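Have a look at the structure below before the remarks.
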Amino acid sequence: MAASAPAFPQGPVASRGGLTGRRRRNLIAGYAFLIPNLLGVLAFSLFPIATTIYLTFHEWNLSDTPVFNGLQNFVLMAGDSLFWKTLGNTFYYTFVAVPVAVFLAFWLALLLDRKMRGVLSFRVIYFLPHVTLTVAASIIWAWIFQAEFGLINWALSKINVDGPYWLTDSRWAMISIIIMSNWKGIGYAMLIFLAGLQGIPPELLDAATVDGANGWRKLRHVKVPLLTPTIFFILTTSFIGAFQAFDQFMIMTNGGPAFATTPLVLYIYRNGFAYFKMGYATSMAAILFLCILAITLFQWSVARRWVYGFDMDN
């Protein structure tokens, strides 16, 4: 009598479409979690981008139907002196505030990257401004910079020094906003630098000590090269954020005096929501985006020359 083959349990029967019931349920569950995210991307990213491209070539006052005007918005922009002034203000603020903030945050992180009593408290103190709302910080600093009753000019008066009109003098207004912005943003960059410093393998520092390197040579030849990815990250994100700064300009000076502290973002806001020139405002927003994109791409293009490990990751 021939031996019968052992019976194996049958797997789930595939449906007509080739999917088992269990797999179909898994797909439905996956799409249920995925679709809300896709709808969010569509609503808050893709749709605004498409609308921006559309309005760039139209004239629209929020009430009437948008009217196609070709490149007229860009022609108006080329002859708009306020556009060029606000664009210049944006570049001035960005290329002064960001390098100063990164430099100070780096050295502050070096000072706090050591074992000593109370160092954790200092880290918290320096980071606290970052979690403060920009609106609240701007209101506080507007009072500090107040010419007649402000804290700074009061302190200067105690040593018989006449303080300047910080927020109403075009020579000092932008500097005042840069000081406030760096006070608020330096803590975040410091924390990122601290994380980078603490991620440096101690064996490398010990080897440098054995080779007779002093503190300065360790910093120059070990710490800074290994921190270049961190520096690159902070520079890239800081430049992007500085180009979009808005709250502190709106609250501290409202763009004055004489448009000395009006960044392009504030000018875009006024054209769009005060003058109802949505097409023109959108065109300026497109130029702002291109400026940010150009600077970001430039940073990436030169990163392989100085960022440690950049070629290996890309």
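The values are calculated or read from the model by the stated rules, or taken from the named source; none is laboratory data. Bear in mind the structure is a predicted one, so any value in this text is a computation, not a measurement. Every residue, glycine as well, gets a Cβ built from its backbone with ideal geometry; the counts of neighbours run over all protein chains shown.
All conditions but one from (1) surrounded by fewer than 20 Cβ atoms within 10 Å (Cβ to Cβ); (2) in a loop (DSSP other than H, G, I, E, B) apply to T262; the one that does not is (1). Each residue in the stretch 222-245 was checked for being part of a helix (DSSP H, G or I) and farther than 15 Å from L110 by Cα, and 13 of them qualify. Of all the listed residues (A285, A294), the sole one being of a type in the set (A, V, I, L, M) and surrounded by fewer than 17 Cβ atoms within 10 Å (Cβ to Cβ) is A294. Please indicate, with yes or no, whether at least one residue in the stretch 272-289 is among the aromatic types (F, W, Y), touching an Asp or Glu at 6+ places or on another chain (Cβ under 9 Å) and in contact (Cβ under 8 Å) with a residue 24 or more places away in the chain. Yes, some residue in the stretch 272-289 is among the aromatic types (F, W, Y), touching an Asp or Glu at 6+ places or on another chain (Cβ under 9 Å) and in contact (Cβ under 8 Å) with a residue 24 or more places away in the chain. Kindly evaluate V100 against the criterion of being out of contact with any strand residue (DSSP E or B) (no Cβ under 7 Å at 6 or more places or on another chain) and modelled with pLDDT of 95 or more. Answer is yes for this residue. When you check S63 against the structure, is it of a type outside the set (D, E, K, R) and crowded, with 16+ Cβ neighbours inside 10 Å, yes or no? So S63 fails the test.
Looking at A281, is it assigned to a helix (DSSP H, G or I) and either under 21 Å from the mean Cα position of the chain (by Cα) or outside the structural domain of I139 (by TED's automatic domain parsing) (or both)? Before you say what the answer is, go through the steps one by one.
Numbers: assigned to a helix (DSSP H, G or I): yes; either under 21 Å from the mean Cα position of the chain (by Cα) or outside the structural domain of I139 (by TED's automatic domain parsing) (or both): no.
When the stated conditions are applied, A281 does not pass them.
Within the stretch 146-199, the set of residues being more than 25 Å from the chain's Cα centre (by Cα) and either of a type in the set (F, W, Y) or not assigned by TED's automatic domain parsing to the domain that holds S238 (or both) comprises F149, W154, Y165, W166.
Each row is one residue, and each column tells you yes or no for (1) hydrophobic (A, V, I, L, M, F, W, C); (2) under 17 Å from V98 (Cβ atoms); (3) surrounded by 15 or more Cβ atoms within 10 Å (Cβ to Cβ); (4) in contact (Cβ under 8 Å) with a residue 40 or more places away in the chain.
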| position | (1), (2), (3), (4) |
| --- | --- |
| F193 | yes, yes, yes, yes |
| N214 | no, no, no, no |
| L235 | yes, yes, yes, yes |
| A245 | yes, yes, yes, yes |
| Q248 | no, yes, yes, yes |
